[in-house]
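Structure, as structure tokens:
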Amino acid sequence: MIEKIDWKKELLDSEKFNKKHENQLKNGAKSLTKSWLLGALYIRWKKLKGFRGKPSPDFSSSFQEWNKKVEDTDVCQS
């Protein structure tokens, strides 16, 4: 069984907040800008807990690698 984490409660227990942040965590967002704030607070909680997203794949390549692939493809088509 998966345990549901109450990140809002954990965040409230971990730090002191101003009234605005505390209100957002307790009552939720009522507008778009307040939902952005709530999202930022969620990111703060994830950082406190040490959660990290998946690393971005490395799509970089050099011109020489690309040029070799093109030459290899041209040779196969001839």
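All of the numbers you see were taken from the coordinates with simple rules; none came from a lab. Nothing here was measured: the structure is a model prediction, and the numbers come from that model. Because the Cβ atoms are built from the backbone with ideal geometry, glycine has one as well, and the counts that use them run over all protein chains shown.
Here the Kirkwood formula puts the hydrodynamic radius of the chain at 16.7 Å, using every distinct Cα pair.
Working ranking of peptides 59-66, 22-29 by packing, defined as the average number of other Cβ atoms within 10 Å per residue, highest first, is 22-29, 59-66. Here r is the Cβ-Cβ distance between T33 and D58 and R0 is 25 Å; the resulting FRET efficiency, rounded to 0.05, is 0.10.
Spacing of the modelled spin labels on K46 and E65, each 7 Å from Cα toward Cβ, amounts to 2.7 nm. Note on region 26-71: Cα-Cα pairs beyond 14 Å make up 70% of the total pair count. Fully extending the segment from N18 to D6 would add 2.3 nm, taking 0.36 nm per residue of separation and subtracting the current Cα-Cα distance.
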